[in-house]
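The values are calculated or read from the model by the stated rules, or taken from the named source; none is laboratory data. No experiment lies behind these values; they were computed from the predicted model shown. Using ideal geometry, Cβ is built from the backbone for each residue, glycine included, and neighbour counts are taken over all protein chains shown.
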Amino acid sequence: MSGSKGLVSCVTPVYNGEGFVGRLLNSVLGQTWPHMEMILVDDGSEDNTLAVAESYRERFAQRGWRYEIVSGTHQNASAAINFGLPLVTGEFLIWPDSDDALEPQSVERRVRFLQENPVYRCVRSMMRYVDGRGEPIPAVEATGSLQQERLFWEVLEGRSFVCCGCYMLRTEEFFGIYPGRHIPEYPVGQNFQMLLPYLYRYACPTIPEKLYTVYRHPGSHSQRELTAGQEAQKYRDFERLADEIAGLCGLAPRERRRVQRWKLKRRYALAKKHRKRLQMAAACVGLLLCGEGQEQIKKRLKK
């Protein structure tokens with residue numbers, strides 16, 4: 001069942017965000033699109049995040065927008081977003097990060113595109129990156145071709161960006177993939193789960209405008225330094241997630257081999273980073289068995 005026509009549901013998980021969640025909420029309130037609902041999911045914050053969130057109730061009421069705050073015990077972003085998805089009532093879905101911001105026309109530009117191009121089930125925009133002081137910094141993710149619309153492999157293999165606040169999906173199709181309104185829960189974020197099964201099924205054009213701002217600061221989750229063991233565990237979690245997504249997508253055997261090559265290349269890169277030669281060799285053997293040529297292996301070892 002499709003959601004309320006024209007309504008955009010914004011679902012955002014937040015953890016210990018008292019210092020920045022107000023920026024996101026202000027950017028939502030500043031949208032030029034008049035039909036929105038905000039669902040903020042607190043992932044068991046230990047600071048004053050909930051107090052800051054509560055202080056925005058009157059401002060959302062003044063715009064006539066539904067504003068829900070959901071709170072649970074601390075787990076991870078994917079578990080948190082699952083608390084919010086059952087509350088979604090809109091035709092369209094966005095899920096910006098709690099420490100980022102939407103440009104004023106971000107929602108309207110994407111909704112207008114989908115309304116004017118009903119053949120498409122999703123759309124994305126570009127982003128800009130700034131540091132904690134708002135100064136521009138280089139892009140963190142690859143941009144890829146802005147003309148490419150089949151983005152499953154582009155995103156999985158890192159040739160195009162996964163930046164969550166840039167995407168807008170139609171909820172009818174999204175909940176067709178997840179009829180239980182529950183994405184797979186892994187401690188590696190929520191974006192692969194939200195995007196990849198959708199991008200496997202549907203083309204996603206790009207609006208070549210920077211309609212979302214990503215704030216990079218030392219305290220952000222993405223910049224937290226990991227130990228070698230933590231990094232290895234993160235890679236294992238991503239591999240398990242990729243296997244589950246492959247099942248959700250119903251990948252053919254040759255496509256599953258491609259996913260396996262993606263995993264092995266990541267294993268090789270991690271082993272090389274930490275100078276683990278046996279693990280590098282094991283990854284190379286696996287790549288040979290998956291069809292990567294000997295010359296490609298030799299080039300990899302020479303790098």
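Give the number of residues within the stretch 240-249 that are surrounded by 17 or more Cβ atoms within 10 Å (Cβ to Cβ), over 16 Å from the mean Cα position of the chain (by Cα) and over 14 Å from Tyr200 (Cα atoms).
Total meeting the criteria: 0.
Is one or more of the residues making up the stretch 185-197 assigned to a strand (DSSP E or B), surrounded by 16 or more Cβ atoms within 10 Å (Cβ to Cβ), hydrophobic (A, V, I, L, M, F, W, C) and outside the structural domain of Ala252 (by TED's automatic domain parsing)?
no
All but one of (1) touching a helix residue (DSSP H, G or I) at 6+ places or on another chain (Cβ under 7 Å); (2) over 20 Å from Asp100 (Cα atoms) hold for Thr49; which doesn't?
(2)
What do you reckon, is Gln260 part of a helix (DSSP H, G or I), in the same structural domain as Gly19 (by TED's automatic domain parsing) and either more than 27 Å from Cys122 (Cα to Cα) or among the polar types (S, T, N, Q) (or both)?
no
How many residues, within the stretch 53-81, are assigned to a helix (DSSP H, G or I) and either surrounded by 20 or more Cβ atoms within 10 Å (Cβ to Cβ) or polar (S, T, N, Q) (or both)?
The total comes to 7.
From the residues in the stretch 1-17 that are of a type in the set (S, T, N, Q) and modelled with pLDDT of 95 or more, which one is farthest from Thr49 (Cα to Cα)?
Applying the filter and picking the extreme gives Ser9.
Under 6 Å between Cβ atoms, which residue pairs at least 6 apart in sequence (or on different chains) link something in the stretch 83-96 that is within 13 Å of Met194 (Cα to Cα) with a partner that is part of a loop (DSSP other than H, G, I, E, B) and not aliphatic (A, V, I, L, M)?
If the second residue must be part of a loop (DSSP other than H, G, I, E, B) and not aliphatic (A, V, I, L, M), the pairs left are Leu85/Arg181.
Given the structure, is Tyr178 surrounded by fewer than 19 Cβ atoms within 10 Å (Cβ to Cβ), touching a helix residue (DSSP H, G or I) at 6+ places or on another chain (Cβ under 9 Å), of a type outside the set (Asp, Glu) and touching a residue at least 24 places away in the same chain (Cβ under 8 Å)?
Yes: the conditions hold for Tyr178.
Just to check your reading of the model, which residue among Arg59, Arg63, Arg23 is modelled with pLDDT of 95 or more, among the basic types (Lys, Arg) and out of contact with any helix residue (DSSP H, G or I) (no Cβ under 9 Å at 6 or more places or on another chain)?
Arg23
Pairs please, first residue from the stretch 230-242 and more than 14 Å from Leu264 (Cα to Cα), second anywhere and assigned to a helix (DSSP H, G or I) and modelled with pLDDT under 95, Cβ atoms under 9 Å, 6+ apart in sequence or on different chains.
Close Cβ pairs satisfying both conditions: Glu231/Leu270; Glu231/Lys273.
Is the stretch 5-22 home to any residue that is of a type in the set (Gly, Ala, Ser), outside any loop (DSSP other than H, G, I, E, B) and more than 26 Å from Arg216 (Cβ to Cβ)?
Looking through the stretch 5-22, at least one residue is of a type in the set (Gly, Ala, Ser), outside any loop (DSSP other than H, G, I, E, B) and more than 26 Å from Arg216 (Cβ to Cβ).
Residues are listed down the side, and each one gets a yes or a no for (1) of a type in the set (Gly, Ala, Ser); (2) exposed (fewer than 14 other Cβ atoms within 10 Å of the Cβ); (3) not assigned by TED's automatic domain parsing to the domain that holds Phe175:
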position	(1), (2), (3)
Leu251	no, no, yes
Glu255	no, no, yes
Leu264	no, no, yes
Arg267	no, no, yes
Ala271	yes, no, yes
Arg275	no, yes, yes
Leu278	no, yes, yes
Ala282	yes, no, yes
Val285	no, yes, yes
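Residues are listed down the side, and each one gets a yes or a no for (1) free of Cβ contacts under 8 Å to residues at least 60 places away in the same chain; (2) closer than 17 Å to Tyr200 by Cα; (3) surrounded by 18 or more Cβ atoms within 10 Å (Cβ to Cβ):
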residue	(1), (2), (3)
Arg128	no, no, no
Arg133	yes, no, no
Ala142	yes, no, no
Val155	yes, yes, yes
Ser160	yes, yes, yes
Glu173	yes, yes, no
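Going by the conditions given, is Glu255 over 19 Å from Leu169 (Cβ atoms), free of Cβ contacts under 8 Å to residues at least 24 places away in the same chain, among the acidic types (Asp, Glu) and not in a helix (DSSP H, G or I)?
no
What's the number of the condition Cys122 fails, among (1) in contact with a Ser or Thr (Cβ under 8 Å, 6 or more places away or on another chain); (2) crowded, with 22+ Cβ neighbours inside 10 Å?
(1)
Restricting the search to the stretch 89-124, which residues are within 13 Å of Met36 (Cα to Cα), charged (D, E, K, R) and in a loop (DSSP other than H, G, I, E, B)?
If the condition is that a residue be within 13 Å of Met36 (Cα to Cα), charged (D, E, K, R) and in a loop (DSSP other than H, G, I, E, B), then no residue fits.
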